[in-house]
Amino acid sequence: MRQTQPTRPIAPTRLIALLVGADQELHALIATLLEESEFDVIECDSAEAALAVVAMKGNDTAMVVTDVALAGRLDGVELAQNLEANRPDIPVIVMSADPSAGASELPDNVIQLGRPWRPLDMLIAAERARRAA
């Protein structure tokens, strides 16, 4: 008689939210909010790093949250434009203390959050991204 090994339940894959920018305190708050919304969070310092993660993680990337000002060659507006051109299925949230910073250059489907923002605003955006994925 052949014995079978018990099967392990496969853990569901959590979707990935990318946080792009250098503000560690702000990212800690956002990461906590997103992790409570069933996302895994990957932090990147630059748009270039975020694009590399998107290329590696593919369809597991559910949303990108970025500051306008970033280290590296690209800023948050250019990151949003790149994602719109190459991965329009990934929702993007762009945060800025100056609501007019790059606003005219943002793709139409990008959510812009001015600082200060309410945690509820981030949770609503995360829930929309989770449902879209």
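The values are calculated or read from the model by the stated rules, or taken from the named source; none is laboratory data. In this text the structure is predicted, and so the values were computed from the model without any measurement. Neighbour counts run over all protein chains shown; Cβ positions are idealised from the backbone, glycine included. Just so you know, the surface numbers come from the protein's heavy atoms only, side chains and all, with ligands and any DNA or RNA stripped out. Shrake-Rupley method; radii C 1.70, N 1.55, O 1.52, S 1.80 Å.
A few remarks follow.
- Summed residue charge, Cβ within 12 Å of E78's Cβ, Lys/Arg positive, Asp/Glu negative: -3
- Summing +1 for each Lys or Arg and -1 for each Asp or Glu among the other residues whose beta-carbon sits under 9 angstrom from that of L15 gives -1.
- Rounded tilt (10° steps) of 76-86 against the dominant C-alpha axis of the chain: 50
- Of the residues I30, V54, V20, the one whose Cα sits farthest towards the positive end of the charge dipole of the stretch 18-62 is V54 (charges of +1 on Lys and Arg Cβ, -1 on Asp and Glu Cβ, taken about the Cα centre).
- A 1.4 Å probe run over the chain, with the rest of the protein chains in place, finds 60 Å² accessible per residue.
- Degrees between helix 24-36 axis and first principal axis of the chain (Cα, 0 to 90, nearest 10): 40
- With R₀ set to 25 Å, the beta-carbon distance separating R115 from E36 gives a calculated FRET efficiency near 0.75.
- Normalised by 2.2 N^0.38 Å, where N is the number of residues, the alpha-carbon radius of gyration of the chain equals 1.18.
- When a 1.4 Å probe is rolled over the protein heavy atoms, the share of accessible surface on the chain that falls to carbon and sulfur comes to 51 percent.
- At most 10 other Cβ within 10 Å, DSSP loop - trypsin sites (Lys or Arg not before Pro), the stretch 47-133: R73
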